[in-house]
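Undergrad: Mind having a look at this structure? Questions to follow.
The values are calculated or read from the model by the stated rules, or taken from the named source; none is laboratory data. Small disclaimer: the values here were computed from a predicted structure and weren't measured. For neighbour counting, all protein chains shown are included, and Cβ atoms are generated from backbone atoms with ideal geometry for every residue, glycine included. We work out accessible area using only protein heavy atoms, side chains counted, and drop any ligands, DNA or RNA first. Shrake-Rupley method; radii C 1.70, N 1.55, O 1.52, S 1.80 Å.
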Amino acid sequence: MIAVSAVEEGHQTYARLDTDELRERIARADEALAERFWSGADIESLVTERARFIDAFLAEIWQHWFIHNDNLALLAVGGYGRAELHPHSDIDLLILAKNPRAAQEEIAAFVRLLWDLKLDIGHSVRTLADCKRESARDVVVATTMMERRRLGGSSQLCAKLDRVLARKSFWPSRRFFRAKQDEQRERHSQYDHVDYDLEPNLKGAPGGMRDIQTILWITQRHTGSADLTELVDSGLLTPLESRWLADGRRFLWRVRFGLHLIAGRKEDRLLFDYQRELARRFGYEDTGAQLGVEQFMHDYYRHVLLLREVNDILLQHFDEAILRAGERPKIEHVNDRFRIHNHYIEATHDRVFEDRPAALMEMFVLMANRRDIAGVRASTIRLVRNHLHLIDDEFRNDPEVTGYFMDLLRAPYTLVSQLTRMRRYGVLGRYIPEYGSVVGQMQHDLFHIYTVDAHTMMVIRQMRRFHYRSAEEKFPLAARVVRKLPKIELLYIAGLFHDIGKGRGGDHSELGAGDVVRFCKRHGLDESDTELVEWLVRAHLAMSSTAQRQDIHDPVVVRDFARQVATETRLDYLYALTVADINATNPTLWNGWRATLLGQLYDHTRRALALGLDVPDERRELADSCRAAAIAELERDSIGEARVLELWDEPGDDFFLHHTPAQVAAITRAIQDHDVHAGPLVALFEVTGEADGAGATEVFLYARDRANLFADSVAAIDAVNLRIAAARVATSASGMCFNSYIVLDDEGNPVADAGRRDRLARAITGDPAETQPERRISRQLKQFVTPTEVTLTTKPGAPTSTLRVVASDRPGLLSTLGGLFVELGINVCSAGITTLGERIEDVFEITNQARHPITHSGQTQAVVEAIRTKLDAEVAQSADTAA
């Protein structure tokens, strides 16, 4: 026991302290605070009261421990020094000592006691010289020292520390500001400078608690005060900014306090499961339009956006007032309303926007037409904020204003930077009220990793990138297509409105289409342009849906899509919008395979539009064309037509529709060189997209048809940790399978590693050494459970039935489905595999064992129920394991 140890060290007074009783006191105090918190008590009072309780608690122990020692002092520093303590915040302590060695054993025993009491302490033991030296060279230590309070011990020692840290040479304003500015930039870079992360860090992320404290530290150092009322009185903060800071801090404190209670430990990451629990505890309820957790996070992002805005304004103000103080300003007059002040635009006088409201839009147009303007002066940002009320219906319908906005969309430079500024200053949300309603709106899934407003900005940013030379390598087709667009501003308008209908309930594409028509009419677009933009918003998901969920090599599918598109111009716009949308939704979505699918659909659709939409079914014609070209290539390799036809043994048109002549020739050569008596042939080929380079790896399996071949093959592919993106099954007249599996590695890339390719080939041929790996379901996937949806339909006269499965994604899912197909007597003819964040949407073309579609209602229902029951049971089991 610590108490016994302390007595042996000569501290008789400590023997009277009962650690069990001390722990009980802490527990009772924490329980009382928790109860008051969940009952809605004022968060500022709770945070302060916990700090005061710990103050008294530590002072009491210190008094017992060091009652006669005037050579030591105990100080609260950091957040605790500000008298701010959440349930599991670090209790940062500084033990100030004249001679630490003389009290080494006593100090060590004191710290052990605090650890034994399970207090979350962080401590340092320093002399005055240590404090002076460490704080002088490290701004973090200096900042911690700035926030200090004496809890016990020598007041004289603390007074000496006050004098040391009060010297003018101790971190003067200029040096302190620059250090804190660099520190914030470095911290923001760890979060990619985004304030809309799906699982944000309350403390460190942009717009978080650390940003609030950074500006208060700087004001404290520069002005001697961090009191919000005093900062307003001095003119450093406006009353509105002060309210944003106070409201934002209260909101973040409330979330953090609840987060600590739910997690039972120090936790600053607002993880998905905590988001849902906090939303429920705070009284957010699901509606037809939004989940309660989405409403909660919407409030979070709105506060963070405003906090970051205040942070930016104040840092820029201090940059001007501290770093640039005394500099001779370089002024360039632009017009009667604006001038450039040291590369920052500013209003020429305080009545600019009041005298001419259209200047609120003009300012951004001026910046977008020049490369030498770094930003907006802090005073002018505030002026914009103070005049947002001018953006009303009269403003929105003013031809001068709408003309400026169209000029902005056509501007050569920094369009996205200006739209982002407009978003952050509140201008864009006022000018386009529908956009204002989605600012900070999240979607609670793993597919959409940005808020709707941030995603919209990223879509337009991606569209702009298609013009860059670097895009010619990563997005060659998009780069070519964008250059053909007759009016690039129409693409940007479609990007602005494509998701603007989210969060209102109903089909967001239809809602957005209605919104954009009103926008186009207000901005003077003619009927043709308005119709194009309306169609783009309404159909913005059509191309990705067709490419990923339908057979784009089927001429009927292509012709149906071409009829929807109608013109090559609309196809160009839709392709550019689709690629930008995918890349701005989630960076992991875009890979070579998706690029290949979209590029092939684009090419097939252009061909269909050029030939006309009334041509008869050309499946046979296209397949025969591929056959003829492949035979011609093989004959050049001295493989005669008769031998080629013998090797093929007519696997069906689908095989030729889904391969180029070069691919067919390569597969044929592999079959020619293979000894069929040696077992199955497994050959790997690169699938090269015509538009965007290498897309995926094709695993070609040539083997005698047998039961369970598909199930065994997908299990083998899964065993080497590869993901199947698509599959095609074809069987020749003599019963040889021509099966193709399009596979990607876990990064969404083709299989490049030679060793892995060898393992894959061995696994498919049945090597027992290649066994199914034990793979864990990620923490995030466990938080999102999608009830399994299964549909089985058959079109009249179709040779196959279509099975669609929507389910929670997890390792080995396709292998599980393959095993189910064996049990249910299902043959797979083709498969399209789509992963959308936490869920999969797989489409299979299937038949029964007799190679007929499944049309009997009883058998259809049995298949649907068996798949749904099996997959839901697996999800429930994984959830139980997680719990």
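Undergrad: Arranged from highest to lowest average of other beta-carbon atoms within 10 Å per residue, in what order do the peptides 252-261, 335-344 appear? Provide the component values of the computation, followed by the final result.
TA: Details: 252-261: 21.6, 335-344: 15.9.
Descending packing order for the listed peptides: 252-261, 335-344.
Undergrad: With just the Cα atoms defining each centre, how far is segment 610-670 from segment 405-439? Give it in Å.
TA: 52 Å
Undergrad: If you don't mind, another one. What does the helix-only formula give at 222 nm for the chain: each DSSP H stretch with n ≥ 4 adding -39500 (n - 2.57), the total divided by the residues, and the result rounded to the nearest 500 deg cm²/dmol?
TA: My calculation for the chain gives -17000 deg cm²/dmol from helical runs alone.
Undergrad: While we're on this one: When the expected Rg is taken as 2.2 N^0.38 Å, what fraction or multiple of it is the alpha-carbon Rg of segment 187-254?
TA: Ratio of Rg to 2.2 N^0.38 Å for segment 187-254: 1.19.
Undergrad: What ³J(HN,Hα) values, in whole Hz, does the Karplus curve 6.51 cos²θ - 1.76 cosθ + 1.60 give for segment 101-108 when θ = phi - 60°, with x put for Gly and Pro?
TA: For segment 101-108, the Karplus curve yields 5, 5, 10, 4, 5, 5, 5, 4 Hz.
Undergrad: Given N residues in segment 674-737, what is Rg(Cα) / (2.2 N^0.38 Å)?
TA: 1.25
Undergrad: Turning to a different aspect of this structure: In terms of modelled amide H atoms, which long-range or inter-chain residues lie less than 5 Å from the amide H of F338?
TA: T348
Undergrad: In debye to the nearest 20, how big a dipole does segment 555-613 give about its Cα centre with +1 on each Lys and Arg Cβ and -1 on each Asp and Glu Cβ? Present the calculation step by step, with values, prior to reporting the outcome.
TA: Details: 6 positive and 5 negative charges, 29 e Å.
With only Lys, Arg, Asp and Glu charged at Cβ, the dipole is about 140 debye.
Undergrad: Find, among the trypsin sites (Lys or Arg not before Pro) in segment 138-194, those assigned to loop by DSSP (not H, G, I, E, B) with at most 15 other beta-carbon atoms within 10 angstrom.
TA: Loop-located and lightly packed - R167, K168.
Undergrad: Return P(r) of segment 625-695 (all Cα-Cα pairs; 10 Å bins starting at 0; whole %; ordered from short to long distances).
TA: Here the calculated profile for segment 625-695 is 18, 50, 28, 4.
Undergrad: For segment 361-372, what does the Karplus curve 6.51 cos²θ - 1.76 cosθ + 1.60, with θ = phi - 60°, yield as ³J(HN,Hα) per residue in whole Hz, taken in order and with x for Gly and Pro?
TA: Those phi angles translate into 8, 4, 4, 6, 5, 4, 5, 6, 9, 9, 9, 9 Hz.
Undergrad: Charges on Cβ only, +1 for Lys and Arg, -1 for Asp and Glu, centred on the Cα centroid of the chain; of F656, I552, F282, which one is farthest towards the dipole's positive end?
TA: The Cα lying farthest towards the positive end belongs to F282.
Undergrad: Measure nothing but the geometry: give the 0 to 90° angle between the long axis through the Cα atoms of 592-611 and the longest principal axis through the Cα atoms of the chain, rounded to 10°.
TA: On a 0 to 90 degree scale, this one is about 50.
Undergrad: Another one. Sticking to Cα atoms, compute the Rg of segment 514-652 to one decimal and its Dmax as the biggest Cα-Cα distance, whole number, in Å.
TA: 19.8, 68
Undergrad: So which trypsin sites (Lys or Arg not before Pro) in segment 669-752 end up in coil per DSSP with only 10 or fewer other C-beta atoms within 10 Å?
TA: Sparse-neighbourhood loop trypsin sites (Lys or Arg not before Pro): R706.
Undergrad: Something else about it: Segment 35-142: Rg/Rh from Cα coordinates, Kirkwood Rh? Working shown, then result.
TA: Working: Rg = 15.3 Å, Rh = 15.1 Å.
On the Cα set of segment 35-142, Rg over Rh gives 1.01.
Undergrad: With the dipole of the chain worked out from charges on the C-beta (+1 for Lys and Arg, -1 for Asp and Glu) around the Cα centre, which of N99, S801, M367 lies farthest toward the positive end?
TA: Of N99, S801, M367, it is N99.
Undergrad: Tell me, what ³J(HN,Hα) does each residue in segment 246-258 have, in order and in whole Hz, if you take phi through Karplus 6.51 cos²θ - 1.76 cosθ + 1.60 with θ = phi - 60° and put x for Gly and Pro?
TA: Per-residue couplings from phi come out as 5, 5, x, 5, 4, 5, 5, 4, 4, 5, 5, 4, x Hz.
Undergrad: Can you send over the carbon and sulfur percentage of the accessible area for the chain, probe radius 1.4 Å, protein chains only?
TA: Accessible surface attributable to carbon and sulfur in the chain totals 48 percent.
Undergrad: For an R0 of 30 angstrom, estimate the FRET efficiency from the Cβ-Cβ distance between D746 and T791 and round to the nearest 0.05. Before the final figure, lay out the partial values.
TA: Details: r = 29 Å, r/R0 = 0.97.
For R0 = 30 Å, the calculated efficiency reads 0.55.
Undergrad: Related question: List the residues whose amide H sits under 5 Å from the amide H of D120, counting only those 5 or more places along or on another chain, with H placed 1.01 Å from N in the peptide plane.
TA: I91
Undergrad: Let me ask another. Name the long-range amide H neighbours of A726: under 5 Å, sequence gap of 5 or more, or other chain; modelled H, no Pro or chain starts.
TA: Under 5 Å from the amide H of A726: I742, I833.
Undergrad: Give the label of the value calculated from the structure for semi-axes √(5λ) of the Cα gyration tensor in Å, choosing from (1) 50, 33, 25; (2) 60, 39, 24; (3) 44, 37, 25.
TA: Read-out taken from this structure: (2).
Undergrad: Per the Debye formula with a single identical scatterer at each Cα and no solvent contribution, what log10 I(q)/I(0) holds for segment 516-563 at q = 0.22, 0.29, 0.30 Å⁻¹?
TA: Here log10 of I(q) over I(0) equals -0.74, -0.98, -1.02.
Undergrad: Another question about this same structure. Given K203/K266; K132/K180; K118/K180; K98/K132, which pairs have Cα atoms separated by over 23 Å?
TA: Where the Cα-Cα span goes over 23 Å, the pairs concerned are K118/K180.
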